[in-house]
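Peer 1: One structure follows; several queries about it will come next.
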Amino acid sequence: MDLHVIFTSMLMFALLIVFIFRQLQPRQPTRLRFYIMPVIAIIVAYERLPRPIVPEIQIIEGILSVIIGIGFGVLQARYTKVYHVNGEWLMKGDWKYLLTWLGLFAMRMIIMVVFNHIDHGKSMVVEWIIWAEIAVVWGVRSLLLMLRYPQLRSVLARPKNE
């Protein structure tokens with residue numbers, strides 16, 4: 001494996017760990033978290049699609065990953081607390097929320113092993129599927145939190161300086 005790929009993978013993994021642990025700290029709901037991040041993940045997934053034709057095995061893996069992503073998005077919405085303190089809306093994940101991320105990683109590894117084994121033992125990471133799965137998890141979580149806490153719509157609609 002190329003040193004550049006190893007370094008990039010380690011850096012991305014470290015950033016992901018930081019990002020996940022930040023979810024356990026109280027933070028303000030923002031348009032970035034609710035709208036922009038799922039859209040960015042969809043765009044990146046689209047850009048990473050194999051051209052000109054997506055292999056059938058990747059389509060099957062992608063569908064399975066999206067279904068799993070919906071489930072984990074539901075769980076993350078369930079374990080994200082949204083509350084009002086001193087006139088400010090905050091959100092925070094708990095240890096169960098952290099477990100949803102760990103479960104999602106475990107499922108991703110299992111799926112990669114199964115589908116790489118089916119693909120004649122080739123070791124490959126299908127980035128577009130990972131990004132699609134992330135988009136689904138973030139999107140479903142955002143949608144369900146907005147449905148559960150309708151007041152978030154007005155919080156997210158306000159300009160940042162209010």
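Values quoted throughout were computed directly from the atomic coordinates according to the rules given, and no laboratory measurement underlies them. Here the structure is a predicted model, which is why all the values come from computation and not from measurement. In this analysis, Cβ positions are derived from the backbone assuming ideal geometry, glycine residues included, and neighbour counts consider all displayed protein chains.
Peer 1: Divide by every residue of the chain the summed helix terms, -39500 (n - 2.57) for each DSSP H run of at least 4, and state the resulting mean residue ellipticity at 222 nm, rounded to the nearest 500 deg cm²/dmol.
Peer 2: -22500 deg cm²/dmol
Peer 1: Moving to a separate point now. With the Cα gyration tensor of segment 1-50 giving a ≥ b ≥ c as the square roots of its eigenvalues, does the rule (a/c under 1.5 for rounded; else a/b larger than b/c for prolate; else oblate) give rounded, prolate or oblate?
Peer 2: oblate
Peer 1: Still on this structure, please answer the following. Rg/Rh for the chain to two decimals, with Rh computed the Kirkwood way over all alpha-carbon pairs.
Peer 2: Rg/Rh: 1.01.
Peer 1: Sticking with this structure for a sec: Taking 8 Å as the Cα distance limit and 6 or more residues as the minimum spacing, I'd like the relative contact order of the chain as a percentage.
Peer 2: Across the chain, relative contact order equals 38 percent.
Peer 1: Taking 0.36 nm per residue of separation and subtracting the Cα-Cα distance, what length does fully extending Trp95 through Glu127 add?
Peer 2: Extra length from Trp95 to Glu127 when fully extended: 8.8 nm.
Peer 1: By the scheme Lys and Arg +1, Asp and Glu -1, what is the net charge of all other residues having a beta-carbon under 12 Å from that of Ile129?
Peer 2: -1
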